[in-house]
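A short write-up of the structure that comes next.
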Amino acid sequence: MTQMNFWDRLFPPKYNFYDMIASQAQLTAAGISAFRVWLHNPTAENAYKLRSLIRQADAVRLDMETRLIEAFVTPFDRQDIYSLSVDMDRVIESAKALMELMIAYEVQADDAVYGMVLNLEEGVNNFAAGVAVLEEAPLDAEQHIAEIRRCQAAVEEGYRHGSAALFKASDMIQIMKYREIYRTVQDAAVYLGYTADILHKIVVRIA
């Protein structure tokens, strides 16, 4: 056993972090799409699908964190890999938090929520597409980074317009509920923006 441990340390296993990041990104994108489906049809089955995708994404994230500890070398800065994974997790967890809020508050999505979530979904899809080409064609990820930032800005604009319209209402309870919901979507977009920043830093370093 001692000899095996010695050779394991001398020749540590190699892991494909590109594939791991891509897998988490794809699950995150699928999760946001599942949340959008739930918004239109808030059934228990659709809620279960979102929660299932979150569990799968968590499993990939936790496995990648373990591999980061074990890996002798990584294709780029291991802190960037970790931060990218954590911020992806925050995006999909925000969707879960939003769903739970809407269930607890017994409210349906309004036009502002639909619009923000559609832009969030487009941004996450672009992130997954950018990560997918990161290893073979990192410069091609640039166009996706630009689209992520455009989508983030669109969510921010939706938040402002939605909040402005919301404050014209007279029901303060509804205003408070929807304001928290809007804020949660905005938070998800902020985390998505963090992933774009890290992805851009990686592209600059490896391209």
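No lab work stands behind these numbers, since they all come straight from the coordinates. From a predicted model like this one, the values you see are computed outputs, not experimental measurements. Quick reminder, even Gly has a Cβ in these numbers, built from the backbone with ideal geometry, and neighbours come from all protein chains shown.
Observations, loosely collected:
- Percent RCO, i.e. relative contact order, over the stretch 108-174, from Cα pairs under 8 Å lying at least 6 residues apart: 39
- Potential extension, Ser52-Lys168 segment - 0.36 nm per residue separation minus Cα distance: 38.0 nm
- With N counted as the residues of the stretch 77-169, its alpha-carbon radius of gyration over 2.2 N^0.38 Å works out to 1.28.
- Degrees between helix 172-206 axis and first principal axis of the chain (Cα, 0 to 90, nearest 10): 30
- Taking 24 Å as the straight-line reach from the Cα of Lys201, the lysines in range (excluding those fewer than 8 positions away in the same chain) are Lys14.
- Förster radius 41 Å - calculated FRET efficiency between Gln108 and Phe72 (Cβ-Cβ, nearest 0.05): 0.20
- Rg to Rh quotient for the stretch 162-202, alpha carbon positions, Kirkwood Rh: 1.26
- Tail beyond 29 Å, pair distance distribution of the stretch 16-206 (Cα, percent): 24
- Degrees separating the helix 141-166 axis from the principal Cα axis of the chain, which is the longest one: 30
- Full-extension gain in nm, Glu65 to Glu135, via 0.36 nm per residue minus C-alpha separation: 23.3 nm
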